[in-house]
Amino acid sequence: MSPATTVGVLGEGEEAVRKMVEGKPLDDERIVCEDRGAVRHGDKGGYLPLESFELDLPYLESIFPQHPAYHGEFIGIQTKRGCPYDCQFCEYPYIEGKKVRYRPATAVVNELEQFYRRWGARRFWFTDAQFFTGKESFPQCIDLMEQIIDRRLEIEWSGYIRTSLINPQLAGLMVRSGLGDLEVSITSGSQAVINSLHMGFSLEKLYDGCRYLKEAGFQGKLILNYSLNSPGDSEAGLMDSVESYKKIAAIMGEAQVFPMLFFLGVQPHTGFEQRLLDEGYLFQGYNPLSMNPLAIRKMLYNPKPLSSMIAKACIAAWDKAAWVAAAGRGTSVAQLYADESMFAGVVEQSGKAALINLEGILKERLQDEPVSPAR
Ligand code: SF4
């Protein structure tokens, strides 16, 4: 197969892109393209080993003269690829594979140190699907954090972290090596909902992880991501989510915890998508990239009957926050975009207000009705 005009690369593209530049065939790369009106897939049959990946920053600078614009930004560095978990909504295992491939800690910290010394970069984001992919990843992560400390690199770092895996040793190293603000995808305060999404962690362990971070002196923001109204959620499950926020706020201190409300997005090649196809929510052959507003809305999973309660709670909270954010930026509310909503969530605590509003709505309803069995 010759390179077509538009080629999609599934997952890692280091070798595919090089072959495209060199005009070589792509049949043995994991690509998708249109070939004489038909969709063609290439098959790679394996993932790249990462042991020998080294960044040559002087070379990168020579081919990318715009690089100074990024010196003050978060610099993304990958320490591993692959995720062994099975969260039903997530595409990472399909894209990167379930087997975790590691880069040597020394190579990662060498890369980080190049940015640190040549660009003055101080903020780093480990772009792994998960930084802690399980106990097997601990030796690499510990080595990496110890090297940051030993080389006296005064940085702030973050990434996607399974808080449920944090133990006291890891918490101490995380804080001492410069852990900044942390986003924790709790998803739901109902263990039943978490289990039904195959997320593979226990809420109690997640609370323990927060406790260890606090004891280690973590000072950053803990941004708590909820995907309310996930499959299997109920009024009691929503109440559990409110309670889980309160529990974490009690552990960390309210001023440090910022809940954010999201909805699950449907992604192709996931168990969640298959479930929605089986249930008739989606139809076979639907277009996941449709720009139709109704289709986009459907891709953000927030079905009735819980959607109206959540909407009421959010509008009451976000309306005020949106006006305050708009006034502060000299824009109209209609001009606010997702990043401003995020900003309002952190600065105005609009996520917390939405959860507390939701609690009020649920309490009114639950007083009169038997609790549905979601726990
Ligand atoms: S959500 Fe995170 S832990 Fe779960 S499968 Fe995706 S990358 Fe892995």
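Throughout, read-outs are computed from the coordinates displayed, never taken from laboratory work. Model, not experiment: these values are computed from the prediction. Counting neighbours? That spans all protein chains shown, and the Cβs are built from the backbone with ideal geometry, glycine included.
Would you work out the charge dipole size for segment 1-46 about its Cα centre, treating the Cβ of every Lys and Arg as +1 and the Cβ of every Asp and Glu as -1, and quote it to the nearest 20 debye?
Working: 7 positive and 10 negative charges, 23 e Å.
The dipole magnitude comes to about 120 debye.
Taking amide H as placed 1.01 Å from N in the peptide plane, LEU228 has its amide H under 5 Å from the amide H of PHE262, each at least 5 places away in sequence or on another chain. Report summary: the helix-based calculation at 222 nm, which adds -39500 (n - 2.57) for every DSSP H run with n ≥ 4 and divides by the residues of the chain, gives -13000 deg cm²/dmol. In summary, segment 1-46 shows an alpha-carbon radius of gyration equal to 1.00 times the 2.2 N^0.38 Å reference for compact globular proteins. When a/c is below 1.5 the answer is rounded, else prolate if a/b is larger than b/c, else oblate, so apply that to segment 234-310 with a ≥ b ≥ c taken from the square roots of the Cα gyration tensor eigenvalues. Verdict is prolate for segment 234-310.
Taking 7 Å steps out from each Cα toward its Cβ at VAL32 and PHE64 produces label points 2.7 nm apart. Extending 7 Å from Cα along the Cβ direction at GLU51 and again at ILE149 yields two label points whose distance is 2.8 nm. A full extension of the chain between LYS363 and LEU10 corresponds to an added length of 122.4 nm, given 0.36 nm per residue minus the alpha carbon distance.
In a simple Cβ point-charge model (Lys, Arg +1; Asp, Glu -1; nothing else charged), the chain has a dipole of about 380 debye relative to its Cα centre.
Take peptides 297-305, 269-277 and line them up by average Cβ neighbours within 10 Å, highest first, as a rough protection proxy.
The packing order, highest mean first, is 269-277, 297-305.
The order of PHE64, PHE126, PHE258, going from fewest to most other C-beta atoms within 10 Å of their C-beta, is PHE64, PHE126, PHE258.
Modelled this way, with points 7 Å down the Cα-to-C-beta line, the labels at ASP86 and ILE315 are 4.0 nm from one another.
Full extension of the chain between LYS205 and SER290 gives 26.7 nm of extra length, using 0.36 nm per residue less the Cα-Cα distance.
Pair-distance distribution P(r) for the chain, from all Cα-Cα distances in 20 Å bins starting at 0: 24, 56, 20, 0 percent.
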